[in-house]
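Okay, structure first, notes after.
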Amino acid sequence: MSLLLDTHVLIWWFEDSRRIGRHAQAMLSQRTANIWVSAASVWEISIKRGLGRLKLKKTPEDAIAHLLERGVQSLPIDFHHAFAVRQLPLIHSDPFDRLLIAQAQYEGLTLVTADPQVMAYDVPTLDASR
């Protein structure tokens, strides 16, 4: 299974949060899982850290480096992803979430999220809170 982490799930994973449910944790821990982190999530985290709205145990650079060492894959943003955003209904207004949804749709990934607005889109999701 190929999984794209929503930004809040990525933060929870950085922080070893118990907010990630047992089922989601089991899926993320499978050896066969291909886990992706979007540049959009790193961008969002960087903005929030820069504004002082997000505190983490590790720097984002250290946390991402650790995930990449564990085999997590980086998903860059390309023109196809950006164009796909305009096809999305306006269920969610957050531009980062909309980009993640478009990336998941375009790349055929399952989006790991606990956001019910994200789950309302026509994209495979895995409820991170379960």
(Q) I need the full set of residues from the range 64-98 which are closer than 20 Å to Phe14 by Cβ and assigned to a helix (DSSP H, G or I), in order please. (A) Ile64, Ala65, His66, Leu67, Leu68, Glu69, Phe96, Asp97
**Q.** Ser38 more than 14 Å from Leu126 (Cα to Cα) and of a type in the set (Ser, Thr, Tyr)
**A.** yes
Q: Please tell me if Ala84 is among the aliphatic types (A, V, I, L, M), surrounded by 14 or more Cβ atoms within 10 Å (Cβ to Cβ), within 14 Å of the chain's Cα centre (by Cα) and more than 20 Å from Ser17 (Cβ to Cβ).
A: no
**Q.** Positions within the range 104-130 being of a type in the set (Gly, Ala, Ser), out of contact with any Lys or Arg (no Cβ under 9 Å at 6 or more places or on another chain) and surrounded by fewer than 20 Cβ atoms within 10 Å (Cβ to Cβ), in sequence order
**A.** Gly108, Ala120
Q) Restricting the search to the range 16-49, which residues are free of Cβ contacts under 8 Å to residues at least 60 places away in the same chain, at negative phi and not in a helix (DSSP H, G or I)? A) Ser17, Arg18, Gln30, Arg31, Thr32, Ala33, Asn34, Ile35, Val37
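Every number in this text was worked out from the coordinates using simple rules, so none of it is lab data. No experiment lies behind these values; they were computed from the predicted model shown. Note that we place each Cβ from the backbone using ideal geometry, even for glycine, and neighbour counts take in every protein chain shown.
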